[in-house]
1. Go through (1) surrounded by 19 or more Cβ atoms within 10 Å (Cβ to Cβ); (2) in contact (Cβ under 8 Å) with a residue 40 or more places away in the chain and name the single condition TRP56 misses.
2. Being within 12 Å of the chain's Cα centre (by Cα) and in contact (Cβ under 8 Å) with a residue 60 or more places away in the chain is the filter here; which residues of the stretch 66-103 pass it?
3. With ARG61, ARG65 as the choices, which residue is under 21 Å from THR5 (Cα atoms), among the charged types (D, E, K, R) and surrounded by 15 or more Cβ atoms within 10 Å (Cβ to Cβ)?
4. Of all residues in the stretch 14-35 being in contact with a strand residue (DSSP E or B) (Cβ under 7 Å, 6 or more places away or on another chain) and in contact (Cβ under 8 Å) with a residue 40 or more places away in the chain, which is farthest from ALA93 (Cα to Cα)?
5. Could you look through the stretch 9-41, keep only residues that are within 15 Å of PHE79 (Cα to Cα) and of a type in the set (S, T, N, Q), and pick out the one that is surrounded by the most Cβ atoms within 10 Å (Cβ to Cβ)?
6. Hey, among the residues in the stretch 1-25 that are modelled with pLDDT of 95 or more and of a type in the set (D, E, K, R), which one's farthest from VAL110 (Cα to Cα)?
7. Considering the stretch 26-55 alone, what residues qualify as being of a type in the set (Phe, Trp, Tyr) and under 19 Å from VAL107 (Cβ atoms)?
8. Which of the strands (runs of 3 or more DSSP E) contained wholly in the stretch 1-79 include at least 1 residues that are aromatic (Phe, Trp, Tyr)?
Amino acid sequence: MSTWTSDELDRIAGAEELRVSSRRRDGSFSRPIIIWVVRVGDDLFVRSAYGPDNPWFVNARRRGRGRITAGGVEREVDFADASGADPEAIDAAYHAKYDPISSPRIVATVVGEKVHPLTLRLDARGD
């Protein structure tokens, strides 16, 4: 595993959207989909807005590895368990970033107790 540089964290966190794909068994990547990303400290987090059965989320959890692109940064990542992270801080980061640019109805899909278990931390890979 590698770590994010300060520049990567700033650029990814500053991007409105993130493209995410998971690695398939054959080594290829799935078609990227667009989701939201937030930064809390030196960590990046994503959530499944539409439940635990959202295909990108299911595949990310099952496969554990993927690739993200945002803010001009493209990196391979591990999709890590975020149960040790502060869910309220992640909620606050979503509100701070997306409340000014999106409707409250849409932001509500990625904040609150219902989606706390649907949070993944993005860990940079060095390979």
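1. Unmet for TRP56, out of (1) surrounded by 19 or more Cβ atoms within 10 Å (Cβ to Cβ); (2) in contact (Cβ under 8 Å) with a residue 40 or more places away in the chain: (2).
2. Once the filter is applied, which keeps residues that are within 12 Å of the chain's Cα centre (by Cα) and in contact (Cβ under 8 Å) with a residue 60 or more places away in the chain, the stretch 66-103 yields only ASP78.
3. Working: ARG61 fails: under 21 Å from THR5 (Cα atoms).
Step by step, each of ARG61, ARG65 is checked, and only ARG65 is under 21 Å from THR5 (Cα atoms), among the charged types (D, E, K, R) and surrounded by 15 or more Cβ atoms within 10 Å (Cβ to Cβ).
4. ARG23
5. SER22
6. Among those residues, the one meeting the criterion is ASP7.
7. Start the filter on the stretch 26-55 by keeping residues that are of a type in the set (Phe, Trp, Tyr), which leaves 29, 36, 45, 50.
Across the stretch 26-55, the qualifying residues are TRP36, PHE45, TYR50.
8. Working: elements: 18-22, 33-35, 38-40, 43-47, 65-70.
By residue number, 43-47.
The values are calculated or read from the model by the stated rules, or taken from the named source; none is laboratory data. Because the structure is predicted, anything quoted here is derived from the model rather than measured. Here the Cβ is made from the backbone with ideal geometry for all residues, glycine too, and neighbour counts use every protein chain on show.
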